[in-house]
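Asker: Before anything else, here's the structure in question.
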Amino acid sequence: MTDRQKTCQNKDFEQISTEHLNEMLQTELKKDLPDDSVVLPILNTLQEREKDYPVAIPNEVIDLWVEHEKQTHVESSKLKNKRGFMLRVAAVAAVICLILIAIPRTVGAGSVFQVLFRWTESVFEFLSPDDNRNDPQAEYVFESDNKGLQQLYNKMVAVGVNGPVVPMWMPDGYDLFEIKTTNSPEGEKIHAAFATDDRIIVITYRISEQGTQAQYEKKDESVRIYEYAGVQHCITKNDINLSVVWMNNGVECVLNVCEDEEIVRKIVASIY
Amino acid sequence: MKKLIRVVCMVLTLSLVASVAAQSVDAVEPRESAFFSSHSVSLHKTSSTSLKVCFDVVSNALIMDEIGASMIEIYRSSNGVNWSKIKTYYKSNTSSMICTNTTSHSSNVTYTTALSGYYYMAGVTLYAKNSTGIGEKLRYTNIVYM
């Protein structure tokens, strides 16, 4: 309400008797949402009259006014508190989001809720051994045209792993270069290398009841998760090669290939 | 409100600094991943006076002229905090530490004069060499209490 409007309204109330003003004030204050633009001018008028002669404002009206003032103050505080609370919540949420964004660059995980494996800028490692080591694999049959892969599968069966961990397919031209089995207090390691004239594919399996201390090298790029047959395979770059790391049947597996990702995915899919 | 804004700004700054610092550390380290695919080191108590340091290293899809460990250092501590180096093995005088013309090597060395009541740890310098150069990476084993 502008000052001019207020002045006009005051002048209007000056024409009204004190008794009538009290009734108007009482009526307004009894409303759920008293209008201050009506209440205040009436009070101002009554206060002006108080200077000249005593104005008998009923106690009931005074109580209503005091109650109205209290309510107005409480609602104003509640609104301020609500606004302040929302701001604090938004600020804390923003900080948490920023920290979560920062954490993968330093700690490393596809998700901070991932518990099986994690990675940093330069290495990938498993946090706990797979619990599915002893799951029965009665339906699994290994068949491959690559004699080297068949030999590798036979080595895995000899150490008690007869489930799907060895690929059944490899690109043409790759022959078995070497295959090694090692026993240590940490567990068993089976390693095979397949070579063409100028390229090599390396496959390594580490088997340990309590988990290994192995780290898998990677470039500082994000890890892509390739899920196939219910197993998460982590694909990363390692220098010019692609590296695929996964865990299945209690075995830590890594495949290093100097081929494009389509070939890598085909090798992985042939495991199952 | 002003205090809250100051705290938020401080946390944001610390997060950014941590991210930049992590990147800087990686930028300083040599790119040994060109030579290595995966590796593992561990320390095991094999008797009341013997410790076995095990390592295995796999090349990054390359046939290496030499691959294995160039140096293994044994450390001892009375409190698990302050460490002293007590023994060093070199590839030049421990033939089992290196293998030639291969893509992978696993081996171990045994330290036979460990004392009870002490903590032990080993530092293994993994090593690979081919026509393009040499790659090395230092890793520390788990701690064993005798």
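The values are calculated or read from the model by the stated rules, or taken from the named source; none is laboratory data. These figures come from a predicted structure and were not determined experimentally. Quick reminder, even Gly has a Cβ in these numbers, built from the backbone with ideal geometry, and neighbours come from all protein chains shown. Each accessible area value is taken on the protein alone, full model and side chains, heavy atoms only, with ligands, DNA and RNA left out. Shrake-Rupley method; radii C 1.70, N 1.55, O 1.52, S 1.80 Å.
Asker: A:ILE267 is checked against (1) closer than 16 Å to A:ILE203 by Cα; (2) of a type in the set (A, V, I, L, M); (3) in a strand (DSSP E or B) and fails just one. What number does that condition carry?
Answerer: Here A:ILE267 clears every test but (3).
Asker: Further question on the same structure: Please state which one of B:TYR127, B:TYR89 is over 21 Å from A:TYR216 (Cα atoms), part of a strand (DSSP E or B), under 15 Å from the mean Cα position of the chain (by Cα) and of a type in the set (Phe, Trp, Tyr).
Answerer: None of the other options fit; the residue is B:TYR89.
Asker: Determine whether B:GLU73 is closer than 15 Å to B:LYS137 by Cβ, open to solvent by 30 Å² or more (accessible area, probe 1.4 Å), assigned to a strand (DSSP E or B) and not small (Gly, Ala, Ser).
Answerer: no
Asker: If the requirement is being more than 8 Å from chain A (Cβ to nearest Cβ) and at pLDDT 85 or above, which of these qualifies: B:SER59, B:SER37, B:SER48?
Answerer: Details: B:SER59 fails: more than 8 Å from chain A (Cβ to nearest Cβ); B:SER37 fails: more than 8 Å from chain A (Cβ to nearest Cβ).
One residue alone meets the criteria, B:SER48.
Asker: Could you count how many residues in the stretch B:126-146 are more than 14 Å from chain A (Cβ to nearest Cβ) and crowded, with 19+ Cβ neighbours inside 10 Å?
Answerer: Total satisfying the criteria: 1.
Asker: Filtering the stretch A:136-180 down to residues that are in a loop (DSSP other than H, G, I, E, B), within 14 Å of another protein chain (Cβ to nearest Cβ) and not aliphatic (A, V, I, L, M), which residue is farthest from B:THR103 (Cα to Cα)?
Answerer: Top of the filtered list is A:PRO171.
Quick grid of which residues meet (1) within 11 Å of another protein chain (Cβ to nearest Cβ); (2) under 21 Å from A:PRO164 (Cα atoms); (3) within 26 Å of the chain's Cα centre (by Cα); (4) in a loop (DSSP other than H, G, I, E, B):
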{"position": "A:ASP220", "(1), (2), (3), (4)": "yes, no, yes, yes"}
{"position": "A:ILE235", "(1), (2), (3), (4)": "no, yes, yes, no"}
{"position": "A:LEU255", "(1), (2), (3), (4)": "yes, yes, no, no"}
{"position": "A:GLU259", "(1), (2), (3), (4)": "yes, no, no, yes"}
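Asker: May I pose another question? Take the residues in the stretch A:181-216 that are within 10 Å of chain B (Cβ to nearest Cβ) and hydroxyl-bearing (Ser, Thr, Tyr), then tell me which one is surrounded by the fewest Cβ atoms within 10 Å (Cβ to Cβ).
Answerer: Only one residue tops the list, namely A:THR181.
Asker: Please tell me if B:VAL25 is farther than 18 Å from A:VAL123 by Cα, of a type in the set (A, V, I, L, M, F, W, C), within 18 Å of the chain's Cα centre (by Cα) and modelled with pLDDT under 95.
Answerer: So B:VAL25 does not fit the description; no.
Asker: Give the residue that is nearest to the other protein chains (Cβ to nearest Cβ), with candidates limited to residues of the stretch A:222-233 that are part of a strand (DSSP E or B) and of a type outside the set (Val, Ile, Thr). Before the answer, list the steps.
Answerer: If we filter the stretch A:222-233 for residues that are part of a strand (DSSP E or B), which is where we start, we get A:224-228, A:231-233.
From the residues that got through so far, the ones that are of a type outside the set (Val, Ile, Thr) too are A:224, A:226-228, A:232-233.
On the way: A:ARG224: 17, A:TYR226: 18, A:GLU227: 22, A:TYR228: 21, A:GLN232: 18, A:HIS233: 15 Å.
Here the answer is A:HIS233.
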